Amino acid sequence: MRINVITIFPEFFTSPLDTSLVGKAREEGTLDVVLHDLREQGKGVHRQIDDSPFGGGAGMVMMVEPLAAALDPLADTHRILFTPGGRPLDQATLDRWAMLDEITVVCGRYEGVDERIAEHFIDEEISIGDYVLLGGEVAALAVIEGVTRLLDGVVGNPTSVETESFRDGLLEEPQYTRPAEFRGWTVPDILRSGDHAKIEEWRQEQREERTRERRPDLLGEVDQ
Ligand code: JF5
């Protein structure tokens, strides 16, 4: 799979792309990440990529021409723009993207991008949460990681891809490993009982209780 990244900070991606399973997937050719420096499409001697908003107001807006120049050659790919005003990212969206041959992620900056880009050059506007970042680079990395772990052969044990949070709409149960006691804090006896039916029953209760307490929205209840 190829992921194109359009950014004014390609150096932001250097270490994350070389590290851990993302680095390994790139080495093995399972994943190809192409960084496109938006500054190369900037206007004038200053390579300008932003300008003040029509109608007035604070901050700057990313101009249409540099983004159009960067996106024109990528018109045949699935193009995603990160913005706090997008549809929320979820596991089903990552599953869908992981099946594609090539996607393009556009990292917004400043107060946002000229709406004509969103309208004519973007397939999906996506948010990674109800907070504001300085730019879409962290969101791009979240998508690169979330998609990479779904690619064939990246995660050693495929059932660990399947059984994690959100697959069945519930949060995961708590996990423990050795030692059985640390500073007087013990592991629940049930997990050391060897009774696998009882253990699975306990884990299901824990998933439901956690989801009720932390994410009632996942159960179709009103938020918080
Ligand atoms: C961005 C203008 C894009 O801050 C975000 C973001 C928050 N949730 N999801 C995405 O994206 C970067 C910042 C300002 C446009």
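Structure notes:
- Choice from A92, A58, A75 with maximal GNM fluctuation in the chain (Cα, 10 Å cutoff): A58
- For D50, distant residues with modelled amide H under 5 Å away: M63
- From helices alone, the chain scores -9000 deg cm²/dmol at 222 nm; the rule is -39500 (n - 2.57) for each run of n ≥ 4 DSSP H residues, then divide by the residue total.
- Karplus-derived HN-Hα couplings along the range 49-57 (A = 6.51, B = -1.76, C = 1.60, θ = phi - 60°), whole Hz, x at Gly and Pro: 10, 9, 8, 6, x, 4, x, x, x
- Accessible-area composition of the chain, carbon plus sulfur, in percent [1.4 Å probe]: 49 percent
- For E102, the residues whose amide H sits under 5 Å from its own are R2, H78, ignoring neighbours fewer than 5 places away on the same chain, with H placed 1.01 Å from N.
- Amide H contacts of G108: F82, G136, each under 5 Å away and 5 or more positions distant or on a separate chain (H built 1.01 Å from N in the peptide plane; Pro and chain starts excluded).
- Within the range 87-129, the percentage of alpha carbon pairs spaced more than 14 angstrom apart rounds to 57%.
- Centre separation in Å (Cα based) which lies between the range 1-58 and the range 109-131: 15 Å
- Surface exposure of the chain, expressed per residue as accessible area with a 1.4 Å probe, stands at 61 Å².
- Most tightly packed first, judged by the mean number of other beta-carbon atoms within 10 Å of their residues, the peptides 135-148, 176-189, 5-18 read 135-148, 5-18, 176-189.
- Evaluated over the chain, the Cα radius of gyration and Dmax, each in Å: 21.6, 71
- Between L134, L35, L89, the Gaussian network model of the chain with springs among Cα atoms under 10 angstrom shows the greatest mean-square fluctuation at L134.
The values are calculated or read from the model by the stated rules, or taken from the named source; none is laboratory data. Quantities reported herein were computed from a predicted structural model and do not represent experimental measurements. Cβ: placed from backbone, ideal geometry, glycine included. Neighbour counts: every protein chain shown. SASA here: full protein model, heavy atoms, side chains in, ligands and nucleic acids out. Shrake-Rupley method; radii C 1.70, N 1.55, O 1.52, S 1.80 Å.
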